[in-house]
Each structure stands twice: as C-alpha cells, then as structure tokens.
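So the structure is just underneath, and the comments pick up after that.
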Ligand SMILES: [Zn+2]
C-alpha cells in the first residue's frame, strides 16, 4: 500500500475506507459542537451590530451632513444581517445532515468531503471539486 498523496487533491481522506463507525460517531459530536459554536458566534455578532446601530442613531442622525454615511452603514448592517440569516440556515441544515449521517458526503457527487475541509468550512455541503465547479459556473452566470 503506497501513501501517495496526490498533489492538488485537497481531500484529507480520499475515500471512506479508513474511517470506522466509532470514529464517525466521535466526529459527529465534534462537528456538532463546532456548529453550535458557529451559531453562538453569529448571535454574538448580531447583538454587537445592533448595539452599534443604536449608537449611530442617537449620535449622528441629526447631522444632515453625515446622513449619507449613516445610510451607507445601515445598508451594510442590513446586508450583514442577511448574510447572518443565510449562515444560520446553513448551520441548521448542517446539523440536520449530521443527524441524518449525510454530513460527510458531498451533496452533489456523494464523494467523501473530508474532515479537514469540513473543519475549515463546517457548513459546506459540497466536496472541494464540486464547490469549485459551482463557483466557476456562478461566476460565469453573473451578469
Ligand atoms: Zn462533490
């Protein structure tokens, strides 16, 4: 058995063979904790954004000169919230996938996603290859 790590392939474990049921169970708990942590971070962040927004309201809204910059930052806040909501949805989805045992496999091609990639992006549902494919497609579809 050779341990030839193919360069360019970022999957930590190329296939599922080396991962036992027991280990997968442990990983499920690990990743569940990771996702809970991500979720807590988003709530903390949202709380902070809200506080900052209220500060802007009281201090600067009266000043017409600064009106444009306030609008801009409120716009940013809104976008941030949208992003947070989307991320929260993804986290819920990932937690469900964990429960179902689907979490470890690519949604598109059923390939083993790999712990390393999942650790870096716990809400991903795609293997790196499908992700890159999709990003290329999305990029070419933008306008
Ligand atoms: Zn895939």
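Rounded, prolate or oblate for region 94-143? Axes are the square roots of the Cα gyration tensor eigenvalues, ordered a ≥ b ≥ c, and the cut-off for rounded is a/c under 1.5.
Since a/c reaches 1.5 and a/b is larger than b/c, the shape of region 94-143 is classed as prolate.
Just grab the label-to-label distance for residue 107 and residue 134, each label 7 Å out from Cα along the Cβ direction, in nm (one decimal).
The modelled label-to-label distance comes out at 0.5 nm.
Coordinate-derived values only; no laboratory data. For clarity, every value in this text was computed on a predicted model and none was experimentally measured. Here the Cβ is made from the backbone with ideal geometry for all residues, glycine too, and neighbour counts use every protein chain on show.
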